[in-house]
Amino acid sequence: MFKKILAILFCVVVTSVFGAYFFFVSKLEAKQKPSLVCDNIEIVIQDSLDKNFISAPEIRAMIADSILGKALLDINCDGLEKQLSGTSVINQAQAYIIYPDKLVISVNQREPVVRFLDNQNSFYCDANGFVLPLTVKRALKLPIITGEFPIVIDLEFRGNYSDNSWLMEMISLSEKIRNNAYWSDEIEQIDVLSDGDIVLYPRKRPFTIQFGDASGADSKLEKLAIFYKTILPSEEGSKYTQVNLQYKNQIICK
């Protein structure tokens, strides 16, 4: 019985000692944290192997002057995330602190999928219609949409255009072509006429493809596939200079 009481007392004493220790340490850390400052910024670019539109030194240069030497508790991580996400090539940014002295910035880059080129401007767009200027670090091999556009985008504009319905239709058409191995290799250029109609220019073919507007793109590409498989190989196929897909259930060759 006496041994059992001693064992219980021992457990109580040990628990009290450890509890007091951890309480003291937590209080000490709480007192120290306000005096801890940022001496190190770590930049993580998640998709740097696939894209290199922005580098770690460039990101560091955007924030270092206002962050290095600053008390960690005074660093506004939410504000940093918004600041970096406002950069045209950064899609998403995360900022967090690792004690005792480090700020970590992790970013994902935007991915341009098409280039628009008219007489006034040239710009990239990602799949969501976000406009990026041509000032990205490297030349990109992407589908090109040329011609006369029904919208005007300033040279320095970056972001989501206010009325992007036309942009999204054109991006959707471009993506259907780009993501199809055969059409991606076959179609060299998408051109927009003054009336809004679209002309596709194949590589090394003597004909143009009159597409109409961007609506019904899947059906029109199916008709184009029929032309390539059944009409083009025929004796008459080599004589055509124009293939018109814009009318429902019709392929008009001239």
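The values are calculated or read from the model by the stated rules, or taken from the named source; none is laboratory data. Just so you know, these numbers come straight off a predicted model, no measurement behind them. Cβ: placed from backbone, ideal geometry, glycine included. Neighbour counts: every protein chain shown.
Scan region 237-251 and tell me whether some residue there is under 30 Å from residue 160 (Cα atoms), under 29 Å from the mean Cα position of the chain (by Cα) and not in a helix (DSSP H, G or I).
no
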Selection count, region 51-82, where residues are assigned to a helix (DSSP H, G or I) and more than 22 Å from the chain's Cα centre (by Cα) = 7
Hits in region 209-254 - residues which are under 15 Å from residue 177 (Cβ atoms), out of contact with any helix residue (DSSP H, G or I) (no Cβ under 9 Å at 6 or more places or on another chain) and surrounded by fewer than 16 Cβ atoms within 10 Å (Cβ to Cβ) | 216, 219, 222
Go through region 45-64 and count every residue that is at pLDDT 90 or above and exposed (fewer than 13 other Cβ atoms within 10 Å of the Cβ).
-> 2
Could you say which residue among 91, 164, 76 is of a type outside the set (Val, Ile, Thr), without any contact (Cβ under 8 Å) to a residue 60 or more places away in the chain, surrounded by 14 or more Cβ atoms within 10 Å (Cβ to Cβ) and more than 19 Å from residue 45 (Cβ to Cβ)?
-> 164
Taking residue 101 as the residue in question, decide whether it is touching a helix residue (DSSP H, G or I) at 6+ places or on another chain (Cβ under 8 Å) and either among the charged types (D, E, K, R) or farther than 21 Å from residue 52 by Cα (or both).
-> yes
Do we have any residue at all in region 98-115 that's among the acidic types (Asp, Glu), exposed (fewer than 15 other Cβ atoms within 10 Å of the Cβ) and farther than 17 Å from residue 47 by Cβ?
-> yes
Of the listed residues (171, 190, 177, 209), the one being without any contact (Cβ under 8 Å) to a residue 60 or more places away in the chain and under 20 Å from residue 249 (Cα atoms) is 209
Taking region 137-158 only, how many residues are modelled with pLDDT of 85 or more and closer than 14 Å to residue 112 by Cβ?
-> 4
Name the single residue, out of those in region 87-117 being assigned to a loop (DSSP other than H, G, I, E, B) and modelled with pLDDT of 90 or more, that is farthest from residue 160 (Cα to Cα).
-> 100
